[in-house]
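Read through the structure below, which is laid out as structure tokens, and then see the notes.
Readers should treat all values here as calculations from the given coordinates under stated rules, not as data from a laboratory. Since this is a predicted model, take the numbers as computed values, not measurements. Counting neighbours? That spans all protein chains shown, and the Cβs are built from the backbone with ideal geometry, glycine included.
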Amino acid sequence: MATPHAGATLEPMTSLLGRGTRRDTSTRPDRNPGEARALVGVALRPTGVAIVLLSAVVLVTLVSSNSDLTGAVGAIAASWLALQQVSLTITDAPLGILPLLPTAVLMWVVARGCARAVEPESDLRAAAKVVGAAVAGPLAATLIALAVVTDASAVTSIGSPNALAAIACVLVIHLSASAAGVVSVVGRIQCAAVGAPAWLPSVARLAVRAALLLFAAGSAVAVISLVWSWSEVGTLLGEGGGVLGVLGLTLLSVLYLPNLAVGAVAVLLGGTAQAGGTTLSVFDIVPGPVPPMPVLGGVPVELAGSAWPVLLLVPVAVGALLGRDCGRLLLPLQDTAYTVLAAAAGAGVLAAAVGFVAGGDVGAYGFVGVEPWALGLLTFGWLVLPALAVATVLARRNSVEPDAETVSDGESGESVEPGETGVSGEFDTPEFEVKRLALPAMRYRSEPDPELEPETGVAPESPAESGDPVAEGPASGEALDAEVVDDADPHTQDADEGPAEAPLDVIEAEVETETDDSVKVKDAPASPAANEGDLPDGPVPPRD
């Protein structure tokens, strides 16, 4: 009875040990600490740096103006919302137009951080993690800022903004910036993996470049207008009241300069821009009240002359440059046209998005900005027409003129690089040359080989006596394996042999004779053992 009882006791113990072993062996993949650290950096680094800088600016401003620090936390939270282009209400006056420069810098930092967090071989799952982390950090900070501003609205003049609009602004800004950074690294490989057209990865780069050229032209026009109206700008700066006030208005004008450049782009494209009660275009200016901001002091009140329509040549030039860039891709005519259309459409969408963000209401002065949809359509129209013309010319020229580095094969249609064998022409250089050999020159051994003929010591028969195919010539159509004996081989020379014969220019080869007298020579590897069966050039008596 003891034995069954012991077995029954051991069975539960064995099962428990087995279950413990199975629990210790985990099938989950090990987490990569480097990946987790990179995701945390993407989520928190841009947000943390931005909040620190905003806090420093707010504190310096309050201390320099001898203001109370009671509402400092609310002002920092409102500054973060303004950085996300969230409309604010200050002293019951809406402030819908916010500076673009800080937001553009933040988006550039986010895109660059996301681009560093991925590799060209990263899959879509890893890219989605980076984009999600880049959005999660700012979204959490925005929720905290909304709570702080709502709580501080009782003691400050800043009203509580719309929570849904704030969340939407944060999602759009950071999602677009992070996606742009990730796509710039993994976009080309992923497009090739899904079978997208070869020209698709280049569309985004060309569209952004065309939009930046238009923005640069608008910035130049805005700066020229400010310099032209410097007296009015100086008067508005002088209303700041002291050195700190002038510095503050100057900094504010620099931050709003991209907004003014967007309005200048709309004017260059033949559209209209509105600054309060003033409406501007290249054909007419309707004057009206303008918000008292130094950056708007350069808004003209009347046309300086009849040469303003010449500014319409600027978008034509930008469109021609876009067509040149598309033509340099060396694509077929149809793909080149698709590239131009897609790039112009992308530039139009980007212009419309920036135009939507760059405008807004300014208190009692009304709307300041441009019509975003009109700006997008004008951008597409002014870019696509000259770009198509230039790109078509370049595509046709590239399809007619061959490349200087290649020569077209007239029979097969394949291109022949210099140095390859073609049909005809000065580049027809053969890869190798085969010289016709009547018979290979052979060396022979004067002494009999002890391994082959150990007993008789009789010299091998001559080719004429033995009927060897070498002596009979190439008419037999059989293959002949010939080996060359190296003079340095100790088995090929005896001590009593006379002076060594002059080395013969021979090759180790396999000669195949055919009935059409064609000879093919192929390199054959040399081996010391194969040198034992060398054949003589003719009937030579053995030497004593």
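At a glance:
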quantity: Estimated vicinal HN-Hα couplings, Hz - region 239-244 in sequence order (Karplus 6.51, -1.76, 1.60; Gly, Pro = x); calculated: 6, x, x, x, 5, 5
quantity: Karplus-derived 3J(HN,Hα), 6.51/-1.76/1.60, for each residue of region 77-82, Hz, glycine and proline x; calculated: 5, 5, 5, 5, 5, 5
quantity: ³J(HN,Hα), Karplus 6.51/-1.76/1.60, whole Hz, each residue of region 328-341, x for Gly, Pro; calculated: 6, 6, 6, 9, x, 4, 5, 5, 4, 5, 4, 5, 5, 4
quantity: Added length on full extension, which subtracts the Cα-Cα distance from 0.36 nm per residue, V349 to S55; calculated: 102.4 nm
quantity: Inter-probe distance in nm under a simple model that places probes 7 Å from Cα toward Cβ, at L341 and R396; calculated: 1.9 nm
quantity: Least to most buried among V105, V362, V73 (fewest other Cβ within 10 Å first); calculated: V105, V73, V362
quantity: Computed lengthening from A36 to L330, 0.36 nm per intervening residue step minus Cα-Cα distance; calculated: 101.6 nm
quantity: Segments 48-56, 369-377 sorted - mean Cβ within 10 Å per residue, highest first; calculated: 369-377, 48-56
quantity: Positive dipole terminus of region 200-400, leading residue within L213, L321, A351 (C-beta point charges); calculated: L321
quantity: Spin-label model distance (nm) - A196 vs S65, 7 Å beyond Cα toward Cβ; calculated: 4.7 nm
quantity: Gain upon complete extension [V208, E239; 0.36 nm per residue less C-alpha separation]; calculated: 7.3 nm
quantity: Computed Rg/Rh of region 34-196, alpha carbon atoms with Kirkwood Rh; calculated: 1.06
quantity: Cα-projected label distance for W373 with S231, points at 7 Å along beta-carbon direction, nm; calculated: 4.3 nm
quantity: Leading residue at positive end of dipole, region 34-196 (Cβ point charges), from L81, L171, G181; calculated: G181
